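The values are calculated or read from the model by the stated rules, or taken from the named source; none is laboratory data. This one's a predicted model, so the numbers in the text were calculated from it and none came from an experiment. We place every Cβ from the backbone using ideal geometry, glycine too, and count neighbours over all the protein chains shown. These area figures cover heavy atoms from the full protein model, side chains too; ligands, DNA and RNA do not enter into them. Shrake-Rupley method; radii C 1.70, N 1.55, O 1.52, S 1.80 Å.
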Amino acid sequence: MNIVRLRGLKGLGGLGRVGGFRSLGSGPSNLQVEREKHTHNVAIVRPPPPNFAQGLVTHFPTPTGTDYGVALEQWEGYCKVFKDHKGWELKMLGEARVKGGSGTHCPDSVFVEDTAVLFKDDVVGEDVAVICSNMAEIRRPEVGTMEEAIEGTGAFRVERIDGEGELLDGGDVLKVPGGNRVYVGLSSRSTPGGVERLQRVLPNHDIRGVPTTKVLHLKSCVTALPDGTIIGYDPIVDDTGFFDEGYLGLPEEGGAHVVVLDEKTLLMAASAPKSAEILAKKGYNIEVADISQFEKLEGCVTCLSVRWRK
Ligand SMILES: NC(=O)NCCC[C@H](N)C(=O)O
């Protein structure tokens, strides 16, 4: 599996060990190559910036002891899970800076999930990229590099959530595997207007707003298994009875978060060993990444990548 560098990446800093980067051009022939190359699942990532420790916190206490060196190592470990898993390819975004590229780094820019959500519209056979509009102003410049990378593939119909009162963070968008149901957290970052716009741009999906008041994003408290079962950590879920697919409570907050690597394999955080054991007993292979530095800033395994499934 390759790690492919997307346009706009300025420097790799100490990240050489991730290795194998390749830059993509932007001409029409490259777009065509990208379309044809989509034979793998793609995880789009971005390394944590040097001022990562200044990331936002909303529901957690202000973190102390965030270590940038450890964060970089953990991010590399997270990337390695995709790198080593058959069928996945990594693409890395360029850095995001406030004030249109001339200011300081956007401290939360490693949490790429919040900038865009990729859908498949099976009814019309189309890949659709929804570019998000972050409620947190300091995070808004992060969107540009993601949008550019997505447009550069030439593979998506690109939609933007950009109207008055329309706010949506990718971390609030839970696509249920195996169907067209999408749950969207009505959190401090995503508004009913954002949910309504999402339904308008995805008429063949069933989009449902979910009250989300106890955590940052919907996917901070629930995600979905490959069979569609919603999993969560009860103390932080507003209404565990909300989900038609069925709900399974797990014993740790980090246990509420899975990235589906394939039908049988889940990526989970090292902070949730009991939950991992429960899911392993259900027959899943569990890949573990230690993301403790990101968890201090209200991040989880889903938020460190945007997944484009083939
Ligand atoms: N999708 C996610 O769960 N994103 C986590 C974002 C954490 C970041 N510190 C923020 O507050 O925006």
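When only the Cβ of Lys, Arg, Asp and Glu is charged (+1, +1, -1, -1), the dipole of the chain relative to its Cα centre reaches about 860 debye. Within the assembled protein chains, the solvent-accessible surface assigned to residue 68 is about 80 Å², based on a 1.4 Å probe. Of the heavy-atom accessible surface of region 176-310 (probe 1.4 angstrom), what whole percent is carbon and sulfur? Within region 176-310, the accessible surface is 49 percent carbon and sulfur. In whole percents, the pair-distance distribution calculated for the chain from its alpha-carbon pairs, binned every 20 Å from zero, is 35, 62, 3. The relative contact order of the chain comes to 19 percent, based on Cα pairs under 8 Å that sit 6 or more residues apart. For region 213-242 versus region 60-75, the inter-centroid distance based on Cα atoms is 25 Å. Mean projected area of the Cα convex hull of region 47-148, taken over all directions, amounts to 8.4 nm².
Here r is the Cβ-Cβ distance between residue 59 and residue 148 and R0 is 45 Å; the resulting FRET efficiency, rounded to 0.05, is 0.90.
When the pairs 175/296; 219/264; 91/214; 219/282; 99/310; 214/296 are compared against a 27 Å limit on Cα-Cα distance, 91/214; 99/310 fall above it.
Tell me whether region 50-109 comes out rounded, prolate or oblate; compute the Cα gyration tensor, take square roots of the eigenvalues as a ≥ b ≥ c, and use a/c under 1.5 as the rounded threshold.
Oblate is the answer for region 50-109, as a/c is 1.5 or above yet b/c matches or exceeds a/b.
For residue 281 and residue 239, the difference between the fully extended length at 0.36 nm per residue and the C-alpha to C-alpha distance is 12.5 nm. For region 150-174, the residues whose amide N sits under 14 Å from a probe point set 7 Å from the Cα of residue 126 along the beta carbon direction are 155-160.
Ordering 310, 264 from largest to smallest accessible area (1.4 angstrom probe), what's the sequence?
310, 264
Note on exposure: 162, 127 ranked by accessible area (1.4 Å probe, complete protein assembly) read 162, 127, with the most exposed listed first.
Please work out the average accessible area per residue across the chain, using the 1.4 Å probe convention, and give it in Å².
Working: 12660 Å² over 310 residues.
Result: 41 Å² per residue.
With no solvent and one equal point scatterer per Cα, compute the Debye intensity ratio I(q)/I(0) for region 142-183 at 0.21 Å⁻¹ and report its log10, rounded to two decimals. Here the Debye-derived log intensity ratios amount to -0.95.
Taking N as the residue count of region 186-265, its C-alpha radius of gyration divided by 2.2 N^0.38 Å amounts to 1.13. Residue ranking by accessible heavy-atom surface, 1.4 Å probe, largest first, among 278, 236 comes out as 278, 236. Gyration tensor over the Cα atoms of region 105-176: the corresponding equivalent ellipsoid has semi-axes (square roots of 5 times the eigenvalues, largest first) of 21, 14, 11 Å. Where both bridge residues fall in region 3-308, DSSP classifies roughly 45% of the beta bridges as antiparallel.
How far, in nm, would the chain grow between residue 140 and residue 84 when pulled straight, counting 0.36 nm per residue and subtracting the alpha carbon separation? 17.0 nm is the gain from fully extending residue 140 to residue 84. Annotation: average projected area of region 228-310 is 5.8 square nanometres, based on the convex hull of Cα atoms across all directions.
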